[in-house]
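Enquirer: Quick one: the structure is below, questions incoming.
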Amino acid sequence: MQVQLGWRSQYCGLHRIVVDGITFLLVDNEYYFNRGYLYGYGDEAERYVFFCFAVLEAISKLDWLPDLIHCHDWQTGLIPFLLKTRYSNRPGYRDIRTVFTIHNLQYQGVFSRELLQDLLSAGDDLFSQDGLEFFGAASCMKAGLRFADKLTTVSPTYAQEIQTKAYGERLDGVLQQRAGDLLGIVNGIDTEVYDPMTDTHLVSPYRNSIAKKKRNKTALQQELGLPVNEDVPVIGIVSRLVGQKGFDLIGESMSELMKEDVQLVILGAGESAVEASLRDAQRKYPDKIAIWFGFNEGLARRIYAASDMYLMPSRFEPCGLSQLIALRYRTVPIVRETGGLRDTVEPYNEFTGTGTGFTFGPANAHDMMYTIRRALHFYHVPDAWKAILNNASRKDYGWGASAKEYHQLYRKLVR
């Protein structure tokens, strides 16, 4: 079929795939989407306005109408907007309900008003304060927030945080107005894919065996050129190397951290300033720090399995999956109490024996180092450390509970 995009008429194909009995329809346009990366191009607005139109045009070619369209992040934010404006008079479209999920409010799809008006063939009336207007520009994220029937985000705490100025990214007012329609549902992980018992990337499969976990530690130390010692606690990080993830706190604390009997293993890529800081630290402490710049799935799994602790001092974290994977691999998280980290990591209480990790509140290096030292202390108290790992082993990190919440939300909407 052809999709009209302003004055452009663009080809669109639909590719049907059935996996495990579930039918997937994929939008096919090689000009927009056959590229080396998902995001980061100069024509982002055109690419995703096309995608939104393509989805809605495709509905008319099917022999069924969807009850609900679940949209994710700014790239699909225009779909609820278009359903309630451009497509509202098409047969059947008026009854379609929408859910819009915020995965990270910081990325908003903000473009010039003139550009989106051209791509949407829209008049000034749709770019008011109650429409797409956003501080003189136009926001695809705001379109989803304004026009979707229900809003979700990926943890209950983040749902509260984004209604404040500190975390709201200038959309806190809109989110406060939609508070009654906003629900936080924490993410899960695929517990079959992330299973240390069956993970082929590991040297020694394990479930709850500390001895077998240590075999993975010594293998990783050897692989990365660190001194091999199963008794030295290893702190792992698998992350985008960006400011959001709290690497400024790590940089401020590095000299203090290196005074401890500890090894630090990092895998990731990101901002040049963060990478440069980490390279300097690696040169200064070659026997205590190992860093792989880039991404390597096998190495990431080995870091999760080999590390004793997993450091995640994020300044904000909508949900976070790394702490869930770490817990699944019986690696104890050290996290800041924000967003999904607060909802998924229970702080260890030495008096009650409860807890699955270590947490700190204020986003400063002093509190982070205090918490790291506390974790290192209990690492050398075998009974306490076993209790933490046993607590982690009893938690469910899969999608079961979250899927039920989404199902309940869908049923309420389509009823």
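The values are calculated or read from the model by the stated rules, or taken from the named source; none is laboratory data. This structure is a prediction, so every number in the text was calculated from the model and none was measured. Neighbour counts run over all protein chains shown; Cβ positions are idealised from the backbone, glycine included.
Enquirer: Taking the range 313-362, which residues are surrounded by fewer than 21 Cβ atoms within 10 Å (Cβ to Cβ), under 15 Å from residue 385 (Cα atoms) and touching a strand residue (DSSP E or B) at 6+ places or on another chain (Cβ under 6 Å)?
Expert: Once the filter is applied, which keeps residues that are surrounded by fewer than 21 Cβ atoms within 10 Å (Cβ to Cβ), under 15 Å from residue 385 (Cα atoms) and touching a strand residue (DSSP E or B) at 6+ places or on another chain (Cβ under 6 Å), the range 313-362 yields 347, 355.
Enquirer: Let me ask another. So, in the range 177-236, of the ones that are assigned to a loop (DSSP other than H, G, I, E, B), of a type in the set (Val, Ile, Thr) and touching a helix residue (DSSP H, G or I) at 6+ places or on another chain (Cβ under 9 Å), which residue ends up surrounded by the fewest Cβ atoms within 10 Å (Cβ to Cβ)? Please lay out each step first, then the result.
Expert: So in the range 177-236, the residues assigned to a loop (DSSP other than H, G, I, E, B) come out as 178, 185-209, 225-233.
Pick out the ones that are also of a type in the set (Val, Ile, Thr) and you get 185-186, 189, 191, 193, 198, 200, 203, 228, 232.
Keeping just the survivors that are touching a helix residue (DSSP H, G or I) at 6+ places or on another chain (Cβ under 9 Å) gives 185-186, 189, 191, 200, 203, 228, 232.
Details: 185: 21, 186: 23, 189: 16, 191: 15, 200: 7, 203: 17, 228: 12, 232: 17.
Once the filter is applied, the top-ranked residue is 200.
Enquirer: Of all residues in the range 274-333, count the ones that are in a helix (DSSP H, G or I) and either within 23 Å of residue 368 (Cβ to Cβ) or more than 20 Å from the chain's Cα centre (by Cα) (or both).
Expert: Restricting attention to the range 274-333, the residues satisfying the condition of being in a helix (DSSP H, G or I) are 274-284, 297-306, 322-328.
When the remaining residues are screened for being either within 23 Å of residue 368 (Cβ to Cβ) or more than 20 Å from the chain's Cα centre (by Cα) (or both), the result is 274-284, 300, 302-306, 322-327.
Within the range 274-333, residues that are in a helix (DSSP H, G or I) and either within 23 Å of residue 368 (Cβ to Cβ) or more than 20 Å from the chain's Cα centre (by Cα) (or both) number 23.
Enquirer: While we're on this one: Does the range 1-58 hold any residues that are free of Cβ contacts under 8 Å to residues at least 24 places away in the same chain and acidic (Asp, Glu), and which are they?
Expert: 20, 28, 30, 43 - these are the residues of the range 1-58 that are free of Cβ contacts under 8 Å to residues at least 24 places away in the same chain and acidic (Asp, Glu).
Enquirer: Answer yes or no as to whether residue 272 is crowded, with 16+ Cβ neighbours inside 10 Å, polar (S, T, N, Q) and at pLDDT 95 or above.
Expert: no
Enquirer: Mind checking which residues of the range 120-174 are of a type in the set (D, E, K, R) and either in a helix (DSSP H, G or I) or at positive phi (or both)?
Expert: We begin by selecting, within the range 120-174, every residue of a type in the set (D, E, K, R); these are 124-125, 130, 133, 142, 146, 149-150, 161, 165, 169-170, 172.
Answer for the range 120-174, where residues must be of a type in the set (D, E, K, R) and either in a helix (DSSP H, G or I) or at positive phi (or both): 124, 125, 142, 146, 161, 169, 170, 172.
Enquirer: Is it true that residue 129 is farther than 29 Å from residue 31 by Cα and either out of contact with any strand residue (DSSP E or B) (no Cβ under 9 Å at 6 or more places or on another chain) or basic (Lys, Arg) (or both)? Give the steps one after another, and end with the answer.
Expert: On the way: farther than 29 Å from residue 31 by Cα: yes; either out of contact with any strand residue (DSSP E or B) (no Cβ under 9 Å at 6 or more places or on another chain) or basic (Lys, Arg) (or both): yes.
Spelling it out, residue 129 is indeed farther than 29 Å from residue 31 by Cα and either out of contact with any strand residue (DSSP E or B) (no Cβ under 9 Å at 6 or more places or on another chain) or basic (Lys, Arg) (or both).
Enquirer: Taking the condition of being in contact (Cβ under 8 Å) with a residue 24 or more places away in the chain, touching a Ser or Thr at 6+ places or on another chain (Cβ under 7 Å) and more than 30 Å from residue 156 (Cβ to Cβ), how many residues in the range 91-135 meet it?
Expert: 1
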